[in-house]
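A.B. asks: One structure, as structure tokens, below. Some questions next.
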Amino acid sequence: MKVYLIGFMGAGKTTIGRLLAERLGIAFYDLDQLIEAAQGRSVREIFEMAGETDFRRVERDLLQKTHFLGPSVIATGGGTFTFDENVFFIKNEGISVHLDVSFDVIAGRIMGKAPTRPLFRDVESASRLYQYRSRYYRMADHSIIVEADETPESVVARIIRELRDSGLHHSHSS
Ligand code: S3P
């Protein structure tokens, strides 16, 4: 089983993903970290030096390599699930879970940390990006509405319940 976590920047994909993997007893990968390891530079540097188009190419290539991973939870980047090719790949490859966090909560979390996130320049443009991306995120197999004060443990418990109820979470081996 491979679970892909989908959602906007600051939705908690890495935090939730790591904990979910631990609870399921499977490996955890973060796509941005796979990109950084493969490229030997940070996502921010790739954006600055090569531009977004090149970053998206590297992101797509690394995403496709996740085909060769065993059972795992994979936290994607906020833009990964907003390109048709990536959406098709993820839908074929595993289970997609959207962490649905309101824009207000996201903005509150990210403000002040914007320099590390090349696509979060100001609230207005981030809000437009959020609206635009929502239509893609809705294509995920599961959507988990995360409340502002909800703990990662609670979110993970709800994801596991949802996976179990839908019969998609069989064992560690598939
Ligand atoms: C991006 C989100 C980032 C990272 C890159 C682009 C985006 O990941 O992949 O900066 O397009 O929203 P996080 O969602 O983990 O911040």
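A.B. asks: Determine Rg/Rh for the chain; Rg is computed over alpha-carbon atoms and Rh is the Kirkwood hydrodynamic estimate from the same atoms.
C.D. replies: Rg/Rh for the chain comes to 0.94.
A.B. asks: While we're here: What percentage of all Cα-Cα pairs in the stretch 3-61 are separated by more than 15 Å?
C.D. replies: Here the long-distance tail beyond 15 Å is 55 percent of all Cα pairs in the stretch 3-61.
A.B. asks: Amide H neighbours of K2 under 5 Å, counting only residues 5+ apart in sequence or on other chains, H built in-plane at 1.01 Å?
C.D. replies: Those lying under 5 Å, H to H, from K2 are S72, I95.
A.B. asks: Could you work out what % of the accessible surface of the stretch 63-136 is carbon and sulfur, using a 1.4 angstrom probe and leaving DNA, RNA and ligands out of the count?
C.D. replies: 54
A.B. asks: Same structure, new question: Once you have the alpha carbon radius of gyration of the stretch 54-145, what is it after dividing by 2.2 N^0.38 Å, with N set to its residue count?
C.D. replies: Normalised Cα radius of gyration, the stretch 54-145: 1.13.
A.B. asks: Show which aspartates and glutamates lie in cross-link reach of K91 when reach means a straight Cα distance below 13 angstrom and same-chain residues fewer than eight apart are skipped.
C.D. replies: Hits, sequence-local ones excluded: D141.
A.B. asks: Taking 0.36 nm per intervening residue step and subtracting the Cα-Cα distance, what contour gain separates L69 from T14 on full extension?
C.D. replies: 18.0 nm is the gain from fully extending L69 to T14.
A.B. asks: Setting aside same-chain residues fewer than 8 positions from K65, which aspartates and glutamates have a Cα under 16 Å from its Cα?
C.D. replies: Cross-link targets: D30, D32, E36, E85, E93.
A.B. asks: Same structure, new question: Solvent-accessible area per residue for the stretch 82-160 at a 1.4 Å probe radius, Å²?
C.D. replies: 54
The values are calculated or read from the model by the stated rules, or taken from the named source; none is laboratory data. Quick caveat, the model's predicted, so the values are computed rather than measured. Side chains are part of the model used for accessible areas, which takes the heavy atoms of the whole protein and leaves out ligands, DNA and RNA. Shrake-Rupley method; radii C 1.70, N 1.55, O 1.52, S 1.80 Å.
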